[in-house]
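Data block below; observations after.
The values are calculated or read from the model by the stated rules, or taken from the named source; none is laboratory data. Just so it is clear, the structure is predicted and the values come from calculations on it, not from any experiment. Cβ placement follows ideal geometry from the backbone for every residue including glycine, while neighbour counts extend to all protein chains displayed. For accessibility, only protein heavy atoms count, side chains too; no ligands or nucleic acids. Shrake-Rupley method; radii C 1.70, N 1.55, O 1.52, S 1.80 Å.
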Amino acid sequence: KQFLPGQTILIPDKESDKKDQRQANPRIINEPGIYSLLNNKYFKATNAGIKFDLEFFLDLTSLKVNNYKFSRVIGILLDNAIEEAEKCDEKIIRVKNHRAIIKIENTYTNKDVNIDDIFKKGFSGKENHSGIGLWEVRKYVKNRKNSDLFTSKNDKFFSQELTIYDTK
């Protein structure tokens, strides 16, 4: 069975009805590296008690990206989301995409965080961290002419939205 554009994979939280649970499906998430990464982060998050919602409609083979670097960016964003959501009373991560936009949202505790500072080399809100993860993400996005990263926050969610403008 091949990936069909418009298919979705939903990974409900542990509390959902077991009959309705579906794991990440490599026939739907059609790039093996991203499939493996999302599965790994899903299990890491759920083992930490985080509700992890994933909706994926994107044909990953249509993106003009270096799969290794793209996986690195998504991995950094998800690791940060997991680490921050773990600190919250309500632990939620939502990964959604529409067309070539991937949005990662998570609950967060530091409501005063300056979203410009987090991308500076060496900046970290975590103990014993180098502060280069988000700096690498910003560098990756700036070096590509076909992508943008939009960061925002509201009272409940911190959001990173990665947009890829041209596809194959």
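For this structure, a couple of remarks:
- Selection within the range 79-111 - of a type in the set (Asp, Glu) and over 12 Å from Lys156 (Cβ atoms): Asp79, Glu83, Glu84, Glu86
- In the range 74-94, the residues that are farther than 15 Å from Asn40 by Cβ, in contact with a helix residue (DSSP H, G or I) (Cβ under 9 Å, 6 or more places away or on another chain) and open to solvent by less than 40 Å² (accessible area, probe 1.4 Å): Ala85, Ile92
- Residues in the range 45-99 that are more than 24 Å from Thr109 (Cα to Cα) and assigned to a strand (DSSP E or B): Glu55, Leu63, Asn97, His98.
- The set of residues in the range 144-168 being more than 17 Å from the chain's Cα centre (by Cα) and at pLDDT below 90 consists of Arg144, Lys145, Asn146, Tyr165, Asp166, Thr167, Lys168.
- Selection count where residues are under 15 Å from Ile104 (Cα atoms) and not hydrophobic (A, V, I, L, M, F, W, C), scope the range 139-154: 5
- Selection within the range 126-168 - open to solvent by 70 Å² or more (accessible area, probe 1.4 Å) and part of a loop (DSSP other than H, G, I, E, B): Glu127, Asn128, His129, Ser130, Lys145, Asn154, Asp155, Lys156, Tyr165, Lys168
- Pairs linking a residue in the range 32-43 that is touching a residue at least 40 places away in the same chain (Cβ under 8 Å) to a residue that is part of a helix (DSSP H, G or I) and open to solvent by 50 Å² or more (accessible area, probe 1.4 Å), with Cβ atoms under 9 Å and 6 or more positions apart or on different chains, are Ile34/Asn67.
- Filter result (crowded, with 17+ Cβ neighbours inside 10 Å and under 16 Å from Leu162 (Cα atoms)) within the range 36-61: Leu38, Leu54, Phe56, Leu58, Asp59, Leu60
- Residue check for Asp89: within 20 Å of Ala48 (Cα to Cα), within 12 Å of the chain's Cα centre (by Cα) and of a type in the set (D, E, K, R): no
- Considering the conditions (1) open to solvent by less than 20 Å² (accessible area, probe 1.4 Å); (2) in a helix (DSSP H, G or I), Ile102 is excluded by exactly one of them, (2).
- Filter result (under 15 Å from the mean Cα position of the chain (by Cα) and among the polar types (S, T, N, Q)) within the range 92-121: Asn97, Asn106, Thr107
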